[in-house]
1. Measure out, as a whole number of angstrom, how far apart the alpha-carbon centroids of the stretch B:171-224 and the stretch B:228-274 sit.
2. Of B:443, B:428, B:40, which is farthest along the charge dipole of the protein assembly as shown in the positive direction, counting Lys and Arg as +1 and Asp and Glu as -1 at C-beta?
3. Considering the options B:331, B:344, B:394, tell which one lies farthest towards the positive end of the dipole of the stretch B:322-438, charges being +1 on Lys and Arg and -1 on Asp and Glu at the Cβ, about the Cα centre.
4. Just the number: Rg to Rh for the protein assembly as shown, Cα atoms, Kirkwood Rh, two decimals.
5. Per DSSP H run of at least 4 residues, take -39500 (n - 2.57); add these up for the protein assembly as shown, divide by its residues and hand me the 222 nm value, nearest 500 deg cm²/dmol.
6. Based on Cβ point charges of +1 for Lys and Arg and -1 for Asp and Glu, what charge dipole magnitude is obtained for chain B about its Cα centre, in debye rounded to the nearest 20?
7. Relative contact order of the stretch B:1-157: what whole-number percent is it, with Cα pairs under 8 angstrom and at least 6 residues apart?
8. Which aspartates and glutamates have a Cα lying under 17 Å from the Cα of residue B:440, excluding residues fewer than 8 positions away in the same chain?
Amino acid sequence: MISLQSRPDRLVIAIAVLSWVWMLGEAAAAQRLSCCGPHPTQAADLISWIVMVGAMMLPTTALAVRDVATRSFRSRRLRVVLEYILGYTACWILVGTVFALLRRYPLAHDLRTAAAMCLLAAAWAMLPVRAHWFVRCHRQIPLCPSGPRSDLDAFRQGAVHGAPCIKTCWPLMFACGITGHDLVVMIGGAVLAPTFRRSRFEFLGGFDWRFSGRTRQVSGPGVG
Amino acid sequence: MRERKDVYKLLPGDQTLDWYARAVAAMQALPQTDPMSWRYQAAIHGINPLPTAMTGTWAECQHGSSFFLPWHRMYILNFERIVAMHVANLGGPTDWALPYWNYTTSDAATLALPPKFRTPTLPSGATNPLYVAQRSPIANTGGPVLGPRDVDLSTCLTSSGTTSPGGFFGGPAVAHSGSMPGTLELTPHNAVHRQVGNTFGGWMADPDLAALDPIFWLHHSNIDRLWEVWLDCDPLHKNLTSAYWLTAVTFQFHDATGSLVTMRTADVLSLTAPMLDYKYSDASCPIAFSAPGPGPIVPTPTGPVAATPTGIGTLMTALPRELVGATLSAVRLGDKVAHFPLPTPVTPQAFRFAADKAAPSQSAMTRQLVNQVTLHLEQVTSTDVAPTYDVFLNVPIGDDPNKHEDRFVARVAMFGIKQASDPLGSHGGGGQTFAFDITKLYHHLADLGEIDPKSLRVSFVPVSPIGTPHVTIGRISLYFA
């Protein structure tokens, strides 16, 4: 516990590792490449969705977890980190609930739909507004140091990060979900997603209020 | 090799500023679409609104991070070469170099705007291209537009070469670190910007307009020089070594031929590199700062390793510092002096006990318990342009903080805060965070018995506000390491 107080990001890494192990275990037990069967129940779909979020999205919050812990008293670090994770995950659970409901329809089981979602995810990455969402994924809010307000702020900080992350990544996550959380698609998405991002700086978590590090032609209409 | 000279030490008859003025006039005559034009070059720093087509090329200035210094070096380097090209085309010398405004000398006259920038017209009656009306009236009338607190180098030249709070370089520019200027960026950089542009619509105070003022470039030439001065001040002063800072991020500028050049921090660290090839007439450390200051009397630290956060490499390392106190809610500043209590429930004794897992001696002095003390103003937001406050620690209730120079923490000129606070802006509305290493002050007050281990008092004094500023500080906090 002391170690986690000093190194709270280990917690999200541990959750991510456990999530991958769980999914690999499920897939191996069923001798499939996905952890879900072809027609899982809505509850199973939602559970798999949450585990997928733990595997794919939580590792991206490691620096945020460090930040939240640093900005909290040592005695409250684990508590606020858990509240942060809860706030972040709650956003994704809401989306997962919608996804599980959509899975009533056969189209949401069709691999052609998954392929279309992959294409959408790639196109989504090119949207200029996505860069703005990405920046908001890293926005800090003031954290009250103690009392119930501290708990609320930590949860809010998680939600403040989670909501724009959903805007950024939902097509990719839907694509993974439609395949029944196919491990190949998930691993591919986890590896390729960063390369879709606007720049290497963003991949590394760029945050400054003016930053590009991009290579780009500078002439264009509408200037002057 | 080009030599950048002190604008206040140019010899009589020196034509450096005359050629600068002619080149500025030539650049101002070009359309903004021309990369060789004045307005194009200024827009690289900032412009509002930003034309969509120019996203990624204009409004690219780097503040609040360790890229502040290298980006601005690249920026003024390419600007200097473009001006030199214009100078040469106008029949001037081929080795023209950008002078610097050294306002940090013992000569009080240098606290005034250099004379050739003040007059609206030239002796010939023509418009003076170096004059800008959108400046503080004090600046354009030759008054001391800068004060000792604006140009104080005692903090930045003695600060450590880290991206940690209170470090020379500013925040590490990675996710969740917030926007945090380094000591040189805060003072004198921010303060000079604000004071020269301290009027309604003042250009220098606004990042979107600042580079339109010809004095901007001489100011940044001096900031670039002070980077070299800092390196000269102490053998321990070194540039950052992270690959991320050195090579991972690239920036683009136009060179004197109009071609795009891509530059990295690693390309601009040595002034003798072929791409740079310039020197300053004086980049030596002022003697007053060459001697290392007294550090805390602390035996070998036994607490957790204080790793310097440098981005993703920080994962899995121990947290570098510990929160020991913070305000329970946001505080607001206006045009009046304001005082705020800062509860510090974690005392120095409790901090050392938690760090060492062993009770320290009851007689241990604060400086033996705490290696570093940093005061943070977190998530500071405002819709005003560069509001500025002087910050003090533990000023007695009822006293005028300005009468307690020994409790002065820093002047905080919030250059760029309007842009950083815009929720629709590229910063996401997170605001700015300011951090000050107050170790010496804290230990000094503790030695005097004037630190209540359970609570501090932080005071803010507005500095010549224009109208009523509205500033919100998300949280005032104190950290030990």
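No lab work stands behind these numbers, since they all come straight from the coordinates. Note that the structure is a prediction, hence the values are computed from the model and not measured. Here Cβ is always computed from backbone atoms with ideal geometry, including for glycine, and neighbour counts include all displayed protein chains.
1. Here the answer is 19 Å between Cα centres.
2. B:428
3. Result: B:344, furthest along the dipole toward the positive end.
4. 1.00
5. Numbers: 20 runs with 248 residues, N = 705.
So the helix-based figure for the protein assembly as shown works out to -11000 deg cm²/dmol.
6. Values: 31 positive and 38 negative charges, 81 e Å.
Computed about the Cα centre, the dipole is about 400 debye.
7. Values: 171 pairs, mean separation 37.0, N = 157.
Dividing the mean separation by the residue count of the stretch B:1-157 yields 24 percent.
8. Result set, ordered by chain and number: B:152, B:405, B:406, B:450, B:452.
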